[in-house]
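Report on one structure; see the data block that follows.
Taken together, the values in this text are just the output of simple stated rules run on the coordinates, not laboratory data. The structure presented is a predicted model; accordingly, all values stated were derived computationally and were not measured. Quick reminder, even Gly has a Cβ in these numbers, built from the backbone with ideal geometry, and neighbours come from all protein chains shown.
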Amino acid sequence: MGSAGYMDTRFQPKAARAGLVNTVSGQAKPESFPEESQAQPESQTQPAPETESVVSEPEPDPDLPPALTHGTENSNSELVRRFDAYRTYIFQRYRVVLEIRSGYRSSAEQAELFRTLPPGRANPPGKSNHEKGEALDYTNYGPEYNQHLAMFGLKLPFPGKEDWHIERTEVNTYN
């Protein structure tokens, strides 16, 4: 391509070929180019490009927290549903976003935590409700928020020790 190759419309972005961008300045403004204004032989004319319809995303509801994006895989769906209702309540009341830090864990993941954390910080494999998808650890926990857990059928099985670890009230807790 020669030094004037950038002027050849075949090498310009579609927006430039459509006259939406000034190829010299890069500014978005319609501009007529002499080479585009000349009639092309019928064999070289191309059909007009189809316009893409742009679907705009709906604005997020300011009264709802952002959607859960982490920690729900393989977790009990009822536990996740209750936690989501709880976090929505906390968001509406305190404007604080609660997120899942850890949900379901495989036995291998639980064994690794048991091996690497200080004694008493993780249950041994086979003794954690995380392995059943029946426990969640979450961020931004606090006593002012945890006091509302029971309204959603959730509990802190280890209050004062693990105030971020919640389970459904009807689930038996390993001690």
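Going 7 Å from the Cα of Glu73 toward and past its Cβ, which residues in segment 91-125 have a backbone nitrogen under 17 Å from where you end up?
Counting backbone N atoms under 17 Å from the label point, the list is 100-110.
Using label points projected 7 Å from each Cα along Cα→Cβ, tell me how many nm separate Asn172 and Val97, to one decimal.
If labels sit at Asn172 and Val97, their model points lie 3.9 nm apart.
Could you give me the ³J(HN,Hα) list for segment 68-76, computed from phi with Karplus coefficients 6.51, -1.76, 1.60 and θ = phi - 60°, whole Hz, x at Gly and Pro?
5, 10, 9, x, 8, 4, 6, 7, 4
Count charges around Asp137 for me, please; just the other residues with Cβ under 12 Å from its Cβ, Lys/Arg as +1, Asp/Glu as -1.
Values: positive: Arg101, Arg105, Arg121; negative: Glu99, Glu162, Asp163, Glu167.
My count for the surroundings of Asp137 gives -1.
Please report the relative contact order for segment 106-175, taking Cα pairs under 8 Å with a sequence separation of at least 6, and give it as a percent rounded to a whole number. Mind dumping the intermediate values first?
On the way: 75 pairs, mean separation 18.9, N = 70.
Here the relative contact order equals 27 percent.
Calculate one ³J(HN,Hα) per residue across segment 111-122 by plugging θ = phi - 60° into the Karplus curve 6.51 cos²θ - 1.76 cosθ + 1.60, and present them in order as whole Hz with x for glycine and proline.
Rounded to whole hertz, the list is 4, 5, 5, 4, 6, 9, 7, x, x, x, 8, 8.
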